[in-house]
Structure formats: structure tokens, C-alpha cells
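A.B. asks: Below is the structure I would like to discuss, written out as C-alpha cells.
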Amino acid sequence: MSFFWLDRSMHQNSFKFKMKLLPIEVEEASNSKYRRNPECIEILNVYPGFYARVGFVKPWVGYFASGDDDEIIGCGGFKGRPVNGKVEIAYGTFKSYQGRGVATEICRQLVVLAIQTDRSTRITARTLMEPNASTRVLKKNGFEFIGIVYDEEDGNVWEWEFKKTDA
């Protein structure tokens, strides 16, 4: 039997605390605890329309990321459930946590969640067409550049795909 894995040691030195993903629920009342964080409010305002458009099927949803002290430090998620065997991830770090490995860990956890749910799903991500922090996050997590695609929200973007590794 083969297993898929990500080598956490590639970015372990930059990420110095435990992190967990907390689902952004479809029921807005369930998300009220996040409204204390100003960086969460804009994200929470987007999700009702997003879920109405793409559906709410766990685990293919959005998540807030919390650190050791349960403070919300970033967000990420899937841009809907897999379509034609492919799912897209997105992630971000809240300003005061940038440069500390949070986005790398969110990305890693999303990949692990996708693989645990359906090993046959291709995992992709999109970035602006330039080297930047997001492209570095993807490379650290085993993604490879596969080409330029047109994105309805961002125009032409780079598309990346996670390359599964047998262990």
C-alpha cells in the first residue's frame, strides 16, 4: 500500500506553533465568535454568497486558522468541491502573522485534508503571474507550475498542481 505525504521538515523551522483549521459554517450564527476579529469580518461577509454559489459540502469549505492561543491567524479553504477530479485551494495569512510560515502550514493542512478525503483528487492553486510569497508557499508544499489559465476574477494567472509523493 502506498501513502501520500508532505515532508513537514521543509518548513518546520519557520512555523513555531500549532495550528488548526476551523470550518466557516454555512449558518452565520455559528460564526459569530469570529466577528471579534476585524480581519475575519470581511471574510465572513463573503462566505454566504460564496456558499450559495458553490455549495456547502464538508470538507470542501472555507476555514479560519487558529494558533496555540486560539487566536485567528489566517484563513484558507477549497474553492468548492472537486469538479472533474480537481479541487482548487486558496489561503492567506493575517497581517501580523505574515512571514512566519502560517500560509505554508494552512496550505499543507488543506493538501492533507484533500488527500485524506479523496486520494484521487488533483489539488490545484492559482497565483498572480509573478514570483511572490504565494508561489514560494506552493513550492514548499510540493506544487509545480503547470501553466497559465484564465480566472474569471483575476484574469490570466499561473496554475499550480500538487504532485503526490509516494512514501
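A.B. asks: Using a Cα-Cα cut-off of under 26 Å, which lysines could be cross-linked to Lys18, ignoring same-chain neighbours fewer than 8 residues away?
C.D. replies: Partners within reach: Lys33, Lys58, Lys79, Lys95, Lys139, Lys140, Lys163, Lys164.
A.B. asks: Which order results if Met129, Met19 are arranged by neighbouring Cβ count within 10 Å, fewest first?
C.D. replies: Met129, Met19
A.B. asks: Quick one: what are the phi-derived ³J(HN,Hα) couplings along the stretch 132-144, Karplus 6.51/-1.76/1.60 with θ = phi - 60°, whole Hz, x for glycine and proline?
C.D. replies: 7, 4, 5, 5, 5, 4, 5, 4, 4, 9, x, 8, 10
A.B. asks: Shifting gears a bit: For the chain, compute Rg over Rh where Rg is the Cα radius of gyration and Rh is the Kirkwood radius from the inverse mean 1/r over Cα pairs.
C.D. replies: Ratio of gyration radius to Kirkwood radius for the chain: 0.94.
A.B. asks: Net charge around Val26, counting only other residues with Cβ within less than 13 Å of its Cβ (Lys, Arg = +1; Asp, Glu = -1)?
C.D. replies: That works out to -1.
A.B. asks: A further question follows. Would you tally the net charge around Cys75, using a Cβ to Cβ cut-off of less than 12 Å, leaving Cys75 out, and scoring K and R as +1, D and E as -1?
C.D. replies: Neighbourhood net charge equals -2.
A.B. asks: Give me the percent relative contact order of the stretch 88-161, please, defined on Cα pairs under 8 angstrom at least 6 residues apart.
C.D. replies: Normalised by residue count, the contact order of the stretch 88-161 is 30 percent.
A.B. asks: Now a separate question. Would you compute, from DSSP H runs of 4+ residues alone, the mean residue ellipticity of the chain at 222 nm, taking -39500 (n - 2.57) per run and dividing by the full residue count, rounded to the nearest 500?
C.D. replies: Estimated from H runs of four or more residues: -8000 deg cm²/dmol.
A.B. asks: Follow-up. How would you rank Glu88, Glu27, going from fewest to most other Cβ atoms within 10 Å of each one's own Cβ?
C.D. replies: Least crowded to most crowded, the residues run Glu27, Glu88.
A.B. asks: Where does each of Val157, Val87, Val46 land when they are ranked from fewest to most other beta-carbon atoms within 10 angstrom?
C.D. replies: Val46, Val157, Val87
A.B. asks: Starting from the Cα of Glu153, step 7 Å along the direction of its Cβ; do the same at Arg136; then give the gap between the two resulting points in nm.
C.D. replies: Label-label distance for Glu153 and Arg136, simple model: 2.3 nm.
A.B. asks: Let me ask something else about it. Restrict the search to the stretch 119-167; then list the GluC sites (Glu not before Pro) that DSSP places in a loop and that have at most 12 other Cβ atoms within 10 Å of their Cβ.
C.D. replies: In loop regions of the stretch 119-167 (DSSP not H, G, I, E or B), the sparsely surrounded GluC sites (Glu not before Pro) are Glu152, Glu153.
A.B. asks: A further question on this structure: Gain in length, Val83 to Lys58, computed as 0.36 nm per residue apart minus the alpha-carbon separation, to one decimal in nm?
C.D. replies: Length gained between Val83 and Lys58: 7.5 nm.
A.B. asks: Something else about it: Counting Lys +1, Arg +1, Asp -1, Glu -1, what net charge surrounds Gly147 among other residues with beta carbon under 10 Å of its beta carbon?
C.D. replies: After counting each charged neighbour, the total is -2.
The numbers here are math on the coordinates, done by the rules we state, and not lab data. Just so it is clear, the structure is predicted and the values come from calculations on it, not from any experiment. In this analysis, Cβ positions are derived from the backbone assuming ideal geometry, glycine residues included, and neighbour counts consider all displayed protein chains.
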